Structure formats: structure tokens, C-alpha cells
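What follows is a short report on a single structure.
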Amino acid sequence: MNTNKEKWIIDKIVKRTTKNGEVAYKIRWKGWSAKHDTPETREQLMEDVPDMVKNYEDKHPLTKAQQAKVNKQAKAVVAKNVLQALKKSKQPKKKPAKRTNKAQPTAPIQTGPRRSARIASSSFVKRKIGN
């Protein structure tokens with residue numbers, strides 16, 4: 001249910017649509033033009049204005065073809081959700097990294113001419129020479 005402080009009043013239900021097995025209604029708001037019509041889900045409207053939805057459905061029943069389409073789409077959505085849940089449950093769990101008490105080297109050990117140049121210019125060598 002909407003937690004906004006403002007309450008909007010529904011003037012009428014204009015049209016019913018189905019998408020991915022979900023029924024939605026195009027709503028005309030009281031005091032607003034057709035330009036401001038918005039789609040609202042059936043579940044939301046059943047919470048807020050169930051009498052209006054039932055009256056619209058009684059006056060405009062689904063044809064057999066439309067009902068079959070809604071049922072087919074709903075079954076496909078359910079099947080897709082089940083497959084996604086199965087995939088998530090079958091994914092191997094990552095093992096946590098093993099902790100060891102061994103000290104890890106902070107930097108790789110350098111060898112070659114770059115290492116000798118770094119050592120020769122370091123303050124450590126100067127102190128040793130100075131003593």
C-alpha cells in the first residue's frame with residue numbers, strides 16, 4: 001500500500017492490459033486528463049479499490065483467448081522463477097580463503113642491477129660507510 005500522505009482518487013478504469021502474465025489496468029485519475037492516465041497492477045488495485053476492479057471485470061470479461069494467454073504467460077513466469085531458483089541453489093559455494101600464520105612477503109625481492117643501485121644509494125649504506 002502506498003505510504004504517501006497524499007491520496008489520489010480514481011475516476012475510472014480505462015483499459016486492461018496483460019504483460020508477462022501480469023494483469024494491469026490503465027487508471028484515469030479524478031480531475032486529471034487522459035494524458036495523465038497511469039498503469040497500475042491488479043494486486044495494488046485489489047488492495048485499494050477491490051469493488052471497482054470487480055465491477056470492471058464483470059462488465060469486461062476476458063475472452064477465452066485472452067484468458068489462455070494470461071494463463072500461458074503466468075505459467076512461463078513461474079517456470080522461469082523456478083529455474084532461476086534452481087540455478088542459484090546448484091551454484092557451487094566458494095570456499096573461504098585459508099588463513100595461515102605464515103608471514104606474507106610485502107614486496108617481491110628484487111635482483112639484478114636495479115637492486116644493487118637501490119642498495120648503493122640507500123641511507124643504510126651511507127651509515128655503514130660513515131661509521
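Of the numbered conditions (1) surrounded by 12 or more Cβ atoms within 10 Å (Cβ to Cβ); (2) closer than 28 Å to residue 76 by Cα, residue 19 fails exactly one; give the number of that condition.
Residue 19 satisfies all of (1) surrounded by 12 or more Cβ atoms within 10 Å (Cβ to Cβ); (2) closer than 28 Å to residue 76 by Cα except (1).
Restricting attention to the stretch 1-56, and to residues there that are under 28 Å from the mean Cα position of the chain (by Cα) and among the small types (Gly, Ala, Ser), which single residue is modelled with the lowest pLDDT?
21
What pairs come up if the first residue lies in the stretch 28-48 and is over 15 Å from residue 13 (Cβ atoms), the second is modelled with pLDDT under 90 and surrounded by 14 or more Cβ atoms within 10 Å (Cβ to Cβ), and their beta carbons are under 6 Å apart, counting only those six or more places apart or on different chains?
none
The values are calculated or read from the model by the stated rules, or taken from the named source; none is laboratory data. Since the structure is predicted, the reported quantities are computational estimates derived from the model, not experimental observations. Neighbour counts run over all protein chains shown; Cβ positions are idealised from the backbone, glycine included.
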